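The values are calculated or read from the model by the stated rules, or taken from the named source; none is laboratory data. Small disclaimer: the values here were computed from a predicted structure and weren't measured. Note: ideal-geometry Cβ built from the backbone for every residue, glycine included; neighbour counts use all protein chains shown. We work out accessible area using only protein heavy atoms, side chains counted, and drop any ligands, DNA or RNA first. Shrake-Rupley method; radii C 1.70, N 1.55, O 1.52, S 1.80 Å.
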Amino acid sequence: MPKNTVLTLVGSLRAESTNQKLAEAIQLNAPEDVDVVIHESLGNIPFYNEDIDVEGKVPAAAAALRAAAAEADTVLLVTPEHNGTVPAALKNAIDWLSRPFGEGALAGKPTAVVGTAFGQYGGVWAQDEARKAAGIAGARVLEDVKLAVPGSMVRFAESHPKDDAEVVEQIKGVFSALTADVAA
């Protein structure tokens, strides 16, 4: 039986990002029938510009992102909160995936949003903004899939999210909701 592929886009570009670590914990806790693929090149994608989004001119990094999203069964956005909203790198990825309008790689694609942030609410504003942008881009946003881990800088200062029993349980809940959606 083929595995379901979850393309994971991490909004933070820092190597030691708590959201990168959360994505790794998600990858490590995926059910056997799910392949979580963390896309590595959001920082290499130029800002969306219709002048370069034409056949023969699409930057390689943007084309690779589109191909990965087209091949995935589900997209998972893992976002920190930058000034109360989604980081530019993640918003830019959503912009590239939204085109061509109505036919982009996100069109109809089940998409969920999770994340962690330093604040007391775990980045829920950024997650809400990411859901909104993905929905406008044509994704089928899975509103019931939620995971917001507050206090990330302190909570994960000396440990990895994969070692946090509460986070691991929440990750299992994310996969339960994703599985329920795919089955429906």
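General observations
- DSSP beta bridges fully contained in the chain are about 5 percent antiparallel.
- Where only DSSP H runs of four or more residues are counted, the chain gives -11500 deg cm²/dmol as its mean residue ellipticity at 222 nm, each run worth -39500 (n - 2.57).
- Rolling a 1.4 Å probe over the protein heavy atoms leaves residue 152 with an accessible area of roughly 0 Å².
- Within the chain, the selection of entire DSSP H helices by a Cα span of 20 Å or greater along the long axis and an average Kyte-Doolittle value of at least -0.5 returns 165-183.
- Largest-first ordering by accessible area, 1.4 Å probe, given options 45, 136: 136, 45
- Counting only aspartates and glutamates at least 8 places from residue 172 when in the same chain, those with an alpha carbon closer than 17 Å to its own are 24, 32, 33, 35, 143, 144, 163, 164, 181.
- Of the solvent-accessible surface of the chain, computed with a 1.4 Å probe over protein heavy atoms with every protein chain present, carbon and sulfur atoms account for 53 percent.
- Qualifying GluC sites (Glu not before Pro) for region 102-150 [loop in DSSP, other Cβ within 10 Å: at most 16]: 103, 143
- Rg/Rh ratio calculated on Cα atoms of the chain (Kirkwood radius): 0.95
- Computed accessible area, residue 121, all protein chains, 1.4 angstrom probe, square angstrom: 150 Å²
- Sequence-distant contacts, meaning Cα pairs under 8 Å at least 6 residues apart, place the relative contact order of the chain at 24 percent.
- Given 91/146; 109/146; 21/146; 57/146; 57/132; 21/57, the pairs whose alpha carbons are separated by over 25 Å: 57/146; 57/132; 21/57
- Charging the Cβ of each Asp and Glu at -1 and of each Lys and Arg at +1, and nothing else, the dipole of the chain about its Cα centre rounds to 200 debye.
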